[in-house]
1. Considering each residue of the range 113-127, count those that are touching a helix residue (DSSP H, G or I) at 6+ places or on another chain (Cβ under 6 Å) and assigned to a helix (DSSP H, G or I), and give that number.
2. Name the pairs whose Cβ atoms lie under 8 Å apart, with the first residue in the range 217-234 and without any contact (Cβ under 8 Å) to a residue 12 or more places away in the chain and more than 19 Å from residue 176 (Cβ to Cβ), the second assigned to a loop (DSSP other than H, G, I, E, B) and not hydroxyl-bearing (Ser, Thr, Tyr), and 6 or more positions between them or separate chains?
3. Among the listed residues 197, 249, 254, which satisfies the condition of being at pLDDT 90 or above, among the aliphatic types (A, V, I, L, M), over 23 Å from residue 159 (Cα atoms) and over 25 Å from the mean Cα position of the chain (by Cα)?
4. Within the range 614-626, identify whether any single residue is part of a strand (DSSP E or B), of a type outside the set (A, V, I, L, M, F, W, C), surrounded by 18 or more Cβ atoms within 10 Å (Cβ to Cβ) and at pLDDT 75 or above, and answer yes or no.
5. Restricting the range 116-153 to residues that are under 39 Å from the mean Cα position of the chain (by Cα) and among the hydrophobic types (A, V, I, L, M, F, W, C), which is farthest from residue 61 (Cα to Cα)?
6. With the requirement that a residue be assigned to a loop (DSSP other than H, G, I, E, B) and touching a Lys or Arg at 6+ places or on another chain (Cβ under 8 Å), what does the range 41-70 give you?
7. Right, residue 397: out of contact with any Pro (no Cβ under 6 Å at 6 or more places or on another chain) and under 30 Å from residue 606 (Cβ atoms) or not?
Amino acid sequence: MPSSRSAKAAPRRERRRAGDSCRRLEGVGPKLADKLAALGIESIGDVLLHRPLRYEDRSRVTPVAEIIPHGMPVIAVVRVDAAEVRHGRRRSLLVSTSDGGGRLWLRFFHFAPAQQAKFAPGAWLRVFGEPRGGVYGTEIVHPEYQVVADAAAGHDFVPELRAVYPATSGVTQNRLRDMAAQALALLEMPDFWPDALPPDIAAELSAGGPVMAVDAALRMIHRPGPNVDLAALIDGSHPAVTRLAFEELLGHQLGLRSRRRRIKTEKAPALGDAGQGLAPLFEQLGFSPTNAQRRVIGEILADMATRHPMLRLIQGDVGSGKTVVAAAAVLTAIENGWQAAFMAPTELLAEQHHANLAGWLEPLGISVLLVTGRRRRDDAVLAPIRDGTPAVVVGTHALFQESLDFGRLGLCVIDEQHRFGVDQRLALRNKAARHGLSAHQLIMTATPIPRTLAMSAYADLDTSIIDELPPGRTPVVTVAVPNTRRDEVIERIGRAVAEGRQVYWVCTLIETTDKLEAQAAEAAAEALSVALPDVQVTLAHGRMKPAAKQKAMNAFKAGHIDVLVATTVIEVGVDVPNASLMIIENAERLGLAQLHQLRGRVGRGSVESHCVLLYQPPLSETARRRLSVLRDTGDGFAIARADLELRGPGEVLGTRQTGAASFRIADLVRDGVWVERALAVADDVLAYHPREAELLVERWAGGGGGYAGV
């Protein structure tokens, strides 16, 4: 309840700094600190940057007659008329109150005799809670309440808009508010939270007018005054949020730039005479690379020819030919006497990359090795890697394990980068550091990243985009069909097979475990075999032994199998030009990026291809929008922008895996214009305001660590 007493001030016995542990606040012990860490709160500064989700309006008393059931929480001042225990399905204490203009019921399911005694007829209460419709009229269940002397005393309180914070088990709102009050009091201390935004940058932020000071912005988001626009505070358009969001975006940008500068001072093998052997590689391909592929290869080879580590992100839509580009980089490294590591997120994808690279490079006399978790790694495989024999080593997470030592690692290629954590990529890169050099690093993604997201999360990387598909690719016609028309879809499969085409049937589950996915795929394969007895159906899923899985994939690729029933293991890497129909079961359960990846398995030949999104009605609004986007466009970047709007940056980047910076105040969808501005001024801040730059990095980026793209 609102109270006239002032908030508890933080202890001032000794100096505090924003970077000090939150345990230096009163009431925060080791156990609470552990729970706060789950919220990203470790320092006193983190408390100030823990932005409220919403606010409770405790600024005015609402007459009972104006209270709307199922509306916003309200304060009411009422007199008790009666209180009695009711015995229905649940025993409860029901208190009848009024303010002279209407009646309000208070209900308590948990109460003690001492509590019941407070509700004597004639007692005045100030109550706060969320109203709802009850049996007798408007009621509030378990309201906050305070017994007051009379109606006048009930109206005597300090109006406030009380913050409601993101919380976790064992961390109450009252505890978070108390910590915020202590941290806000510390803002009065000199240099506790200095304004780190250079004046000339601040002037641009506010279009030349006055900009809100950082301490005022922090006070505003935690303790807004009674007349503040709450909607603007919540949606991020308020000047206080804008001020902090821009500073955060700039801090992260500076951290990425600083780290890039540090890495660029390291030494890497200069792979001179780069590209001399590419002509034989292109002959092995059986097709001519596109102009986009040649352009990106040129950018990569220019990087690798320097004595500083290449840090390059390759973006290319599904089927754009990123593996060919990577093969050119690998060949160049090996030509110069160095080893290359090619890391993929799954064993299936690693096996397919190994098969492709072996087909292209082994005829040129280059050894292509495979190292995965399940594959037995005997000394015959590991010895040449340790000895530094020039070769390409393809594998999964097994590549960065301590037991695998590279004798002469010059290039790291990481496919589907969002599937790996920062520490994992760094561990692979450090395999070269033990020899006094840093490896060149090439990161690839088939999930196009919207511009604002790429500038924020991967500003430390140079970016190349393969914006051209190989000739002969045809757009995939996409339709969404309810599961009630399943029989029609199966008939369509029969017609496609009769025309000499092949078909994918992809099974998905909400609970995506290998065991359950395998069961779903097995059931679908059995049903299709019964419905289409003349059609050859086979399975591929994550619980199969690698040899059996590869045998099934190879049989499908060779045209011996008509229908491949699979889980999402075929999301990347499979190239079967004769496959012209893709069925995705329960498509509503997948994100846009994954649906686009799966759809990319067809449309690789000259015949028109189709993708059927088989969904289980009714669809949620988000699922409906998602499927509509897939129907309307095949442009991976347009799909990525829609995915960003629907799911947010954390999900698109896979923040939990990547370690990419997660923002506390900024929102990359909402604050796109400030992302652009932070990018534009970052170099000037580093050059002309080094003290402020250091402070911004420390405040918002923890010294510049914890980003994607290491």
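1. 0
2. Every condition considered, the pairs that remain are 229/238; 232/238.
3. 197
4. Yes - at least one qualifying residue is present in the range 614-626.
5. 141
6. Passing the criteria: 49, 50, 51, 69, 70.
7. When the stated conditions are applied, residue 397 does not pass them.
Each row is one residue, and each column tells you yes or no for (1) part of a helix (DSSP H, G or I); (2) under 15 Å from residue 50 (Cα atoms); (3) out of contact with any His (no Cβ under 9 Å at 6 or more places or on another chain); (4) among the aromatic types (Phe, Trp, Tyr).
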| site | (1), (2), (3), (4) |
| --- | --- |
| 183 | yes, yes, no, no |
| 194 | no, no, yes, no |
| 201 | yes, no, no, no |
| 220 | yes, yes, no, no |
| 228 | no, no, no, no |
| 255 | yes, no, yes, no |
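The values are calculated or read from the model by the stated rules, or taken from the named source; none is laboratory data. Note that the structure is predicted; figures quoted are calculated from it, not measured. Every residue, glycine among them, receives a Cβ derived from its backbone with ideal geometry; neighbour counts consider all protein chains shown. Just so you know, the surface numbers come from the protein's heavy atoms only, side chains and all, with ligands and any DNA or RNA stripped out. Shrake-Rupley method; radii C 1.70, N 1.55, O 1.52, S 1.80 Å.
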